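Here is the structure we will look at.
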Amino acid sequence: MNTRNLSAAILLGLMMASPLVTAQSDAQQTQHASQAAVLGKPVSLAEMEASLATPGRLGFSVHTSANWQVPLRGLLNLEAPAAKAAGKKDGDEPIQVYLYEFTHPQHGRFFIDTGVAQGLLEAPTRHGVQAELFQAFGLGKIQLLQSTGEIASGGKPLCGIFLTHLHLDHIIGLPDLAADIPLYVGRNEHLSLSPQNHMTQATTDALLSGRPPLNEWGFDKGEAIDVFGDASVYALHTPGHTEGSTAYVLNTLDGPVLIAGDTCHTTWGWQQGVEPGYFTRDKSQNRISLLALKALSDRHSQLKVYLGHQQL
């Protein structure tokens, strides 16, 4: 095995959270600066849910930035009873990389997650993605449909980017976006610990370099963040996939929507209530968050749900 293949194999082994990787090998997600978000106020979940019956104010659109294939065992916990009963087996699973866009009549234009920057795929090392990491994470399998730059150029300047979490496939559109745009993440997202962060932290830091500190939502248990104080956008703490994983509820002109992030990657996982596999930091906590979002959806049939990497 040559040096490059050996490095890739080591990376893949760590990504799969091998039992040989101990808790002491955990690393935090990024060393980029973080601060408490000034934007937003805590409200009860009951108050948020009451708002879903009121016509919304936001323009909203979904952009499929790229097609991709990744191992199913990362997207879905194949050891879950439902997955075993269904005979789910590992293999490359087709997924998409999404970018969500909304426009507020007073506060302007925002993205949720970032899609894929064309320049990062063409010259990954220029953006801090070394060859071994590019290979180990299968980034070469990404088929670009619409770059982040193309999406961003189709409207007014962005006023902010709300991130569901800081995994690379949710921030690799940043090279196409202005460095002064505020970034918002869940509480303690930058501190989220995982063995794979040993490989990804430098790249995450590079993608965030030159940008202002991350703004962390001030979540408390049993509360949502009313982002603009007008019941149009809510942030929900959904820990498990990462420490600060965040879902968003938007009251749009076409009805309420739920951006679930990677609390659930796949259509089947959502339908069966099965959490992600080795891509997730804490499967049991992830399952609690997933079932809470499913219960929210069950209580509000008008709520349209968007998953991390597949469509319902």
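The values are calculated or read from the model by the stated rules, or taken from the named source; none is laboratory data. What you see is a predicted model; the values in this text were computed from it and never measured. As a convention, Cβ positions derive from the backbone with ideal geometry for all residues, glycine included, and neighbour counts pool all protein chains shown.
Please work out if Thr103 is of a type in the set (Ser, Thr, Tyr) and surrounded by fewer than 12 Cβ atoms within 10 Å (Cβ to Cβ).
For Thr103, the condition - of a type in the set (Ser, Thr, Tyr) and surrounded by fewer than 12 Cβ atoms within 10 Å (Cβ to Cβ) - is not met.
Being closer than 22 Å to Arg281 by Cα and either buried (at least 16 other Cβ atoms within 10 Å of the Cβ) or touching a helix residue (DSSP H, G or I) at 6+ places or on another chain (Cβ under 6 Å) (or both) is the filter here, so list the residues in the stretch 207-227 that pass it.
Step one: filter the stretch 207-227 for residues closer than 22 Å to Arg281 by Cα, giving 207-208, 214-222.
Within the stretch 207-227, Leu207, Leu208, Leu214, Asn215, Glu216, Trp217, Gly218, Phe219 meet the criteria.
Can you find a residue in the stretch 29-38 that is within 21 Å of the chain's Cα centre (by Cα), under 20 Å from Ile259 (Cβ atoms), modelled with pLDDT of 95 or more and part of a loop (DSSP other than H, G, I, E, B)?
Yes, the stretch 29-38 contains a residue that is within 21 Å of the chain's Cα centre (by Cα), under 20 Å from Ile259 (Cβ atoms), modelled with pLDDT of 95 or more and part of a loop (DSSP other than H, G, I, E, B).
Are there any pairs, at least 6 apart or on different chains, whose C-beta atoms fall under 6 Å, with the first in the stretch 272-291 and in contact (Cβ under 8 Å) with a residue 12 or more places away in the chain and the second of a type in the set (Val, Ile, Thr) and in a helix (DSSP H, G or I), and if so, which?
Ser289/Thr263; Leu290/Thr263
Looking at (1) modelled with pLDDT of 95 or more; (2) more than 19 Å from Val62 (Cα to Cα); (3) crowded, with 19+ Cβ neighbours inside 10 Å, find the lone condition where Phe137 falls short.
All conditions pass for Phe137, except number (1).
What number goes with the only condition from (1) surrounded by 13 or more Cβ atoms within 10 Å (Cβ to Cβ); (2) out of contact with any strand residue (DSSP E or B) (no Cβ under 6 Å at 6 or more places or on another chain); (3) at pLDDT 95 or above; (4) small (Gly, Ala, Ser) that Ser7 does not pass?
Here Ser7 meets the rest and fails (3).
For the stretch 81-133, enumerate the residues that are of a type in the set (A, V, I, L, M, F, W, C), part of a loop (DSSP other than H, G, I, E, B) and touching a helix residue (DSSP H, G or I) at 6+ places or on another chain (Cβ under 9 Å).
Once the filter is applied, which keeps residues that are of a type in the set (A, V, I, L, M, F, W, C), part of a loop (DSSP other than H, G, I, E, B) and touching a helix residue (DSSP H, G or I) at 6+ places or on another chain (Cβ under 9 Å), the stretch 81-133 yields Ala86, Val116, Ala117, Val129.
Six or more apart or on different chains, Cβ under 8 Å: which pairs go from a residue in the stretch 223-248 that's under 24 Å from Arg57 (Cβ atoms) to one that's of a type in the set (D, E, K, R) and in a strand (DSSP E or B)? Could you list them?
Filtered contacts from the stretch 223-248: Ile225/Lys41; Asp226/Lys41; Gly229/Lys41; Val233/Asp226; Tyr234/Asp226.
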